[in-house]
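Below is one structure, written out as structure tokens; the observations come after it.
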Amino acid sequence: MTTQSVTTQYTDIIVIGAGLAGLVAAAEAADAGKRVLLLDQEGEQNLGGQAFWSFGGLFAINTPEQRRLGIRDSHELAWRDWQSTAGFDRPEDYWPRKWAEAYVDFAAGEKYGWLASQGVRFFPGVGWAERGGQGASGPGNSVPRFHITWGTGPGVVEPFERRVREHVAAGRIAFKFRHRVRGLNISGGVVHGVHGDVLEVSDVLRGEQSSRVVVDGFDLNAGAVILTAGGIGGNQELVRKNWPTQRLGPAPEVMISGVPKHVDGAAQQMAEAAGAHLINRDRMWHYTEGIRNWNPVWPMHGIRILPGPSSLWLAPDGTRLPYPNYPGFDTLGTLQHITTHGYPYTWFVLNRAIIKKEFTLSGASKKI
Amino acid sequence: MAGRLGKKVSPSVQAFMDQGADFVVRDSLPDLVRGMNELTGHDAVEFGTVAREVADRDLQMANVFGKDPQLAMVRGARALINERLIRIVKPAPLLDPAAGPLIAVRLNILTRKTLGGLETDLQARVLRPDGQPMPGLYAAGEVAGFDGGGMHGYRSLEGTFLGGCLFSGRVAGRCAAAALD
């Protein structure tokens with residue numbers, strides 16, 4: 001790095017990735033009085049990351065919305081559902097299971113009020129995702145728990161973006177967009193900063209592929225580094241490399257992409273190379289109901305149908321998929337059925353009455 | 001979403017019916033199957049097979065009970081008022097002309113989320129393979145499998161990804177800040 005403009009700065013906390021987790025982490029750290037740098041390899045137009053494109057559904061347990069519909073939910077039922085759905089079966093599942101327990105506690109307790117206090121409101125009709133179908137001990141939700149945020153994904157991002165921007169105005173948080181982290185600064189085993197490339201300014205729209213031209217370098221130091229750089233879903237090469245062929249059969253030759261190209265897993269790989277433990281990489285969550293966006297924003301842009309349960313689901317030869325592979329019942333079970341049979345695609349057959357009431361689209365910017 | 005109560009398909013779904021590369025919309029079942037084969041470019045779908053599957057399903061409509069488990073679960077879910085009002089159609093023959101046209105949608109595998117990730121403890125501290133924290137490094141959200149290195153295990157109950165980012169982001173922000181005090 002020869003350029004003299006390589007910036008060396010010190011702050012309290014560096015957050016890498018300005019998606020939902022990064023916005024929350026930055027806001028909370030700044031609330032606690034810390035100075036924060038919030039980095040992202042993309043530009044400001046991508047603030048909120050994947051959450052922006054989502055449908056805004058939030059898992060919550062025993063809420064006023066559920067009770068109003070006559071749904072009786074409980075922490076006990078939800079934790080049982082979580083365990084039978086997760087299927088934890090490895091020594092590496094020690095911390096994942098602890099986190100799952102903490103998260104179910106949160107979703108049955110503090111979550112609803114915490115979000116309400118920040119202005120998050122839900123649509124009165126609670127959705128029923130992952131309906132199961134393999135009996136009371138099988139995977140899936142026993143009751144509807146999918147609380148849809150007013151304003152969908154952007155409605156979830158908005159309060160946290162607002163908190164971050166207030167801290168920016170007060171000088172506690174600074175954004176560093178187009179900063180691509182390439183490595184951690186580590187001395188004596190302690191992580192104390194990050195270094196990487198500054199990419200040229202890009203005026204592409206949210207989600208569109210941006211340039212990778214490097215115009216500068218950076219080296220930033222801090223008391224702590226928080227990685228919130230997202231997953232690998234936009235990196236087909238890495239998805240295929242991590243694909244659990246033994247469990248699911250070979251990956252389909254054609255897969256479409258439910259996330260932008262910049263969801264590349266680079267920071268996760270960087271952390272692993274620096275000594276972090278990357279576990280359960282064979283576990284991924286890919287959908288079986290992807291359609292090509294007629295108006296694509298990113299390469300191979302796919303939209304997911306969140307389907308109601310009435311469509312007929314057919315194999316490529318026109319035979320009906322067997323029980324319990326029905327729309328919206330068990331994403332992984334049906335994926336496994338499709339990929340172990342080597343189907344390149346499947347079909348829904350339905351009519352106008354069904355599509356009108358039962359198709360919801362996720363992965364395009366929209367309002368309800 | 002309130003539009004579900006009306007007669008018209010939502011504009012975003014209608015746009016896919018009109019312009020989506022994976023959609024076939026036709027008035028009759030023979031035409032629909034022809035359209036499906038035209039879309040894929042090979043004659044994989046047998047009209048007789050689809051006609052039999054649809055007819056068998058529609059024959060189950062004469063009663064409010066029957067042997068088809070998909071229909072049984074549809075009927076069970078419709079006991080819930082919002083499922084009935086805005087999410088699930090009343091079971092009816094697929095070939096009812098008043099409910100047409102018929103639609104076939106080619107479904108592709110869509111890559112989306114990473115369930116595994118960086119192993120973290122309950123303070124969101126990133127761990128090394130020996131189980132000891134890497135001092136100064138925290139992780140939250142999808143990079144850490146919505147924390148711990150995969151709190152969903154093999155499967156998600158949905159609505160848990162945004163929530164996982166909120167919860168683990170909050171833990172990481174608070175714990176990283178507290179460690180500096």
Of all C-alpha pairs within region A:243-363, those more than 19 angstrom apart amount in percent to 56
In units of 2.2 N^0.38 Å, the Cα radius of gyration of chain A is 1.04
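Calculate the tail of P(r) for region B:75-115: the fraction of all Cα-Cα distances greater than 12 Å, expressed in %.
73
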Residues other than A:Ile14 with Cβ under 13 Å of its Cβ, Lys/Arg counted +1 and Asp/Glu -1, net out at 0
The helix B:160-180 Cα axis meets the longest alpha-carbon principal axis of chain B at an angle in degrees, between 0 and 90 and rounded to 10, of 10
Expressed per residue, the solvent accessible area of region B:136-175 in Å² (1.4 Å probe) is about 11
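Shielding by partners for A:113-122, please: the mean number of other protein chain Cβ atoms within 10 Å of each residue's Cβ.
Going residue by residue through A:113-122 and averaging, the value is 1.
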In deg cm²/dmol, rounded to the nearest 500, the helical mean residue ellipticity at 222 nm of chain A, built from -39500 (n - 2.57) for every DSSP H run of length 4 or more, is -8500 deg cm²/dmol
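Within a Cβ distance under 10 Å of B:Lys90, other residues only, what is the Lys/Arg minus Asp/Glu net charge?
Once positives and negatives cancel, what remains is +4.
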Note: B vs A interface, total accessible area buried (1.4 Å probe; ligands, DNA, RNA excluded), nearest 100 Å², is 12000
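I need the semi-axes of the equivalent ellipsoid of region A:92-197: take the C-alpha gyration tensor, multiply each eigenvalue by 5, square-root it, list largest first in whole angstrom.
Numbers: eigenvalues 240, 115, 37 Å².
Gyration-tensor ellipsoid for region A:92-197: 35, 24, 14 Å.
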If amide H atoms are modeled at 1.01 Å from N in the peptide plane, then the residues at a separation of 5 or more from B:Met134, or on another chain, having amide H under 5 Å from its own are B:Val126, B:Leu127, B:Arg128
Between A:Ile148 and residues 5 or more places away or on another chain, the pairs with built amide H atoms under 5 Å apart involve A:Leu58, A:Phe123, A:Gly127
To the nearest Å², the heavy-atom accessible area per residue of chain A with 1.4 Å probe amounts to 36
Once A:Ala136 and A:Glu272 are pulled to full extension, the length gained, defined as 0.36 nm per residue separation minus their Cα-Cα distance, is 45.1 nm
Rounded to the nearest 10 Å², the 1.4 Å probe accessible area of A:Glu272 is 60
Using a 1.4 Å probe on heavy atoms of the protein chains only, the accessible area for A:Arg35 in Å², nearest 10, reads 110
The answer for B:Gly148, listing residues at least 5 apart or on another chain whose modeled amide H is closer than 5 Å to its amide H, is B:Thr120
PRE zone check, label point 7 Å out along Cα-to-Cβ of A:Asp317, amide N under 16 Å, scope region A:332-362, hits A:338-347
The base-10 log of I(q)/I(0) that the Debye equation returns for region A:114-259 at q = 0.11, 0.20 Å⁻¹, one scatterer per C-alpha, is -0.80, -1.30
Expressed in angstrom, Rg and Dmax over the Cα atoms of region B:104-181 are 14.7, 60
Going through A:Lys356/B:Lys113; A:Lys356/B:Lys90; A:Lys357/B:Lys113; A:Lys356/B:Lys67; A:Lys357/B:Lys90; A:Lys98/B:Lys113 one by one, the pairs whose alpha carbons sit over 18 Å apart turn out to be A:Lys356/B:Lys113; A:Lys357/B:Lys113; A:Lys356/B:Lys67; A:Lys98/B:Lys113
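Looking at the square roots a ≥ b ≥ c of the eigenvalues of the Cα gyration tensor of region B:119-159, which shape do they give, rounded for a/c under 1.5, prolate if a/b is larger than b/c, or oblate?
prolate
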Ignoring ligands and nucleic acids, B:Asp31 exposes an accessible area, probe 1.4 Å, in Å² to the nearest 10, of 60
Mean projected area (nm²) from the convex hull of Cα positions in region A:211-256 is 6.0
Rounded to the nearest 5, the percent of DSSP beta bridges in chain A running antiparallel is 60
Over the Cα atoms of region B:52-181 the radius of gyration and the largest Cα-Cα distance (Dmax), both in Å, equal 23.6, 70
Region A:184-270: relative contact order from alpha carbon pairs under 8 Å, six or more residues apart, as a whole percent, is 28
Each label sits 7 Å from Cα toward the beta-carbon; between A:Val190 and B:Ala55 the label points are separated, in nm, by 7.8
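Assuming R0 = 30 Å, what is the FRET efficiency of B:Ile81 and A:Glu101, from their Cβ-Cβ distance, to the nearest 0.05?
0.40
Express in % the proportion of alpha carbon pairs of region A:25-132 at distances exceeding 22 Å. Don't jump to the answer; show the numbers that get you there.
Values: 2896 of 5778 pairs.
That fraction is 50 percent.
Less than 10 Å Cβ to Cβ from A:Arg172, Lys/Arg counted +1 and Asp/Glu -1: what total charge do the surrounding residues give?
-1
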Note: region A:72-131 at 37 °C, 0.692 mPa s; Kirkwood Rh on alpha carbon pairs; Stokes-Einstein D in µm²/s works out to 246
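The values are calculated or read from the model by the stated rules, or taken from the named source; none is laboratory data. Quick caveat: nothing in here was measured; it's all calculated off a predicted structure. Here the Cβ is made from the backbone with ideal geometry for all residues, glycine too, and neighbour counts use every protein chain on show. Accessible surface is based on the protein model in full, side chains and every heavy atom, while ligands, DNA and RNA are left aside. Shrake-Rupley method; radii C 1.70, N 1.55, O 1.52, S 1.80 Å.
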